[in-house]
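Quick notes on the structure that follows.
The values are calculated or read from the model by the stated rules, or taken from the named source; none is laboratory data. Quick caveat: nothing in here was measured; it's all calculated off a predicted structure. Neighbour counts run over all protein chains shown; Cβ positions are idealised from the backbone, glycine included. These area figures cover heavy atoms from the full protein model, side chains too; ligands, DNA and RNA do not enter into them. Shrake-Rupley method; radii C 1.70, N 1.55, O 1.52, S 1.80 Å.
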Amino acid sequence: MKKSKYKALISKSTLQGAAAGVILATLIILISLDAPALAETDKSLTTLFSLFPALWAVLLLPFILAIAGYFLANKFMLVINKQANKIKKEANKTNMVLAFIENLRQDKLDEPFGNVKKSDPLSNALLNLREFMIKSKKEQEKRRIEEEQRTWVTQGLAQFGEILRKSSNNLEDISYSIIRYLVTYMKVNQGGVFLLNETKKGDKYFEMTACVAFDRRKYADKTINWGEGLIGRCGLEKETIFLTDVPDDYINITSGLGESNPGTILLVPLKTNNELFGVIELASFQILQQFEIELVEKSAESIASTISAVKTNIQTNKLLSETQMQAEKMAQQEEELRQNLEEMRATQEESDRREIERKGILDAIDHAAISCEFDIEGNLLSVNKNFLSTFKYKPEEVEGQNLKIFFFKDDVSELDRILADLSSGQNFRGRVKRRTKAGEEIYLFSTYSPVMDHNGEILKIISLENDITEQVEMEEALKRSKDELGLMLEEARNEVKEQFKEMEAVKIRNEKTLEGALDAIITTNQDGVVEFFNAAAEKLWGYERSEVLGNHANMLFSKETAKTNEFVTAFLNKESQKIVGERREIPIRNKYAEDIPVLMLLSEAQLGEESSYTAFIQNVEVELF
């Protein structure tokens with residue numbers, strides 16, 4: 001309330017109190033004049049006041065009421081002012097709240113909050129609300145930025161996965177596609193791919209296979225030894241290296257505007273299953289953020305897997321080519337061996353024919369037998385002409401002689417054994433080596449038969465013999481031929497065994513190589529029956545190897561795919577021409593009836609008239625997080 005109004009109200013209340021006092025005093029005096037005590041007097045004021053001295057106090061009523069009106073008005077004004085101040089404060093609070101709400105509506109959270117008392121609960125509540133909203137806004141902004149970064153990384157990985165799926169078997173083309181995409185997507189100035197190779201001596205080194213600067217392809221032949229420089233250190237430690245303090249002589253980025261040292265160097269190892277395949281190097285004027293580094297690190301594993309698969313495919317194709325060449329060579333050697341065996345068989349048949357001829361000759365010779373008779377002691381009793389002519393003796397020279405003169409000293413024991421058998425009544429039939437008068441060695445086919453009397457006593461022994469010296473010589477020659485032929489056959493057999501062992505070793509080595517591959521690999525024969533199913537294939541299809549081997553490959557695809565997909569239909573149909581050397585994206589059907597998209601490359605190996613087909617299958621699904 002204004003001061004003038006305040007004074008006017010005080011004055012008015014004071015005057016009203018004084019007026020009320022005057023009126024009240026007048027009424028009291030008038031009433032007192034009618035009192036019985038004044039009936040016999042002149043009823044003057046002097047008499048009245050003399051009779052009633054207390055009336056003098058009545059005269060003070062205007063002053064008393066005036067003072068009371070003054071104080072009451074003052075007290076009333078204090079109450080009014082207090083209420084006005086309170087109302088004003090409430091109005092100020094209301095305005096403050098409205099202003100705060102308006103600032104919130106306009107997102108002006110940093111506007112000052114004036115005339116705030118710490119003891120005011122509403123103000124404190126509003127301040128706390130503002131602080132909470134500012135904090136929430138900052139957290140929301142932080143979450144928005146993090147979400148944008150995650151989206152950026154996710155989109156980058158998805159596009160990167162698409163690039164890797166379309167990759168070829170050329171490491172330089174793959175390297176260029178990778179580094180060009182990273183340089184473009186991350187908006188860095190320069191990048192390069194260094195792949196790990198080995199010399200023939202086993203020394204490791206890094207070779208630059210692709211380089212991009214300012215979105216242009218650069219051609220540079222650069223090699224870095226193992227453990228040398230930042231590239232070698234990154235490969236050796238298999239850890240990411242991030243430099244913001246780049247040495248002046250490390251690298252320069254050159255453009256049309258000049259040459260400058262980069263502000264950031266990022267080196268990320270390309271590794272999968274702790275196996276290193278290379279290093280990616282990126283250079284930029286701007287400091288790279290953590291989420292950008294995260295994109296490169298997550299991409300590095302996919303790059304390493306792709307490079308591993310490509311290297312495996314290259315090595316496998318090389319092994320398959322070598323195996324096919326070896327198989328062709330062995331088929332040629334097998335054909336030569338078969339021809340040699342045919343020639344040997346013809347030789348054997350010729351030898352058999354000659355042996356039959358020789359037997360015919362021997363049969364003819366049997367008709368002109370050499371005959372003699374002797375007792376159980378070997379003493380000659382009689383001989384025929386063929387005997388004498390054979391041994392070149394005269395009749396008188398052999399009369400009474402023992403058979404020992406016709407044997408060499410070394411063979412006398414054999415004669416004794418024969419005589420012992422004959423003494424027991426046994427016949428003897430066999431080839432015997434003899435000695436002529438001139439000391440020549442001859443061979444006779446002898447038949448000794450004891451002649452017994454009715455008591456079983458041996459009277460004499462009759463000998464019928466044929467000269468088979470020529471036959472023996474022919475047999476020995478034949479034996480030598482057979483031995484030589486046997487040696488030749490044994491050598492040929494050993495050669496075949498060694499060739500088959502080599503083929504088996506190559507097969508086992510190839511299967512071990514294919515077994516350790518990261519991609520699924522299956523091999524079928526020309527009838528479509530699965531003959532090889534590696535561990536990666538077990539993981540991809542969910543089947544155990546024993547469930548697949550020996551079964552037709554159509555169990556690995558859905559019926560719809562087998563009918564409609566040109567690539568799969570050709571692969572499963574025995575009569576169809578296979579699509580070899582071309583990578584196709586197809587769906588497969590796993591053990592749990594789920595269709596999985598894969599990339600499949602088919603190669604053919606032919607051994608003679610038999611063919612086998614090897615399929616390399618790569619899962620195209622990319623795990624982003």
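Exceedance of the 25 Å cut-off in Cα-Cα distance is limited, within the set K222/K311; K204/K311; K385/K437; K385/K433; K7/K82; K329/K539, to K329/K539. A crude spin-label estimate for the pair K394 and E594, with each label 7 Å from Cα along the Cβ direction, gives 11.3 nm.
Take the Cβ atoms of E336 and I287, set R0 to 56 Å, and the FRET efficiency comes out at 0.20.
Working note: Karplus 6.51/-1.76/1.60 with θ = phi - 60° gives segment 578-594 the couplings 6, 8, 9, x, 10, 7, 10, 8, 9, x, 10, 10, 7, 4, 9, 6, 9 Hz, where Gly and Pro are set to x.
Taking R0 as 22 Å, what's the FRET efficiency between R233 and E301 from their Cβ-Cβ distance, rounded to 0.05? Present the calculation step by step, with values, prior to reporting the outcome.
Values: r = 20 Å, r/R0 = 0.91.
It comes to 0.65.
Less than 5 angstrom separates the built amide H of N551 from those of V530, all sequence-distant by 5 or more or on a different chain.
Seen from K559, the other residues with C-beta closer than 13 Å to its C-beta sum to a net charge of 0, counting Lys and Arg as +1 and Asp and Glu as -1. A simple count of charges around E148, restricted to other residues whose Cβ falls under 12 Å of its Cβ and scoring Lys, Arg +1 and Asp, Glu -1, yields +1. Derived scalar couplings between HN and Hα for segment 304-321 equal 4, 5, 5, 4, 4, 5, 5, 4, 5, 4, 4, 5, 5, 4, 5, 5, 5, 5 Hz in order, rounded to whole Hz, by the Karplus curve 6.51 cos²θ - 1.76 cosθ + 1.60 (θ = phi - 60°), x for Gly and Pro. Accessible surface calculations at 1.4 Å, restricted to protein heavy atoms, place segment 302-426 at 59 Å² per residue. Scanning residues 5 or more positions from L518 or on other chains, none has an amide H under 5 Å from its amide H, with H placed 1.01 Å from N in the peptide plane.
In order along segment 71-84, the Karplus-derived 3J(HN,Hα) couplings, from 6.51 cos²θ - 1.76 cosθ + 1.60 at θ = phi - 60°, round to 5, 4, 4, 4, 4, 4, 5, 5, 4, 4, 5, 4, 5, 5 Hz, and Gly and Pro are given as x.
Summing +1 for each Lys or Arg and -1 for each Asp or Glu, what net charge is found among the other residues whose Cβ lies under 13 Å from the Cβ of I442? Walk me through the numbers on the way to the answer.
Details: positive: K392, R431, K433, R434, R435, K437; negative: D411, E440, E441, E465, D467, E470, E473.
Around I442, the charge tally is -1.
Taking 7 Å steps out from each Cα toward its Cβ at E491 and K539 produces label points 5.1 nm apart.
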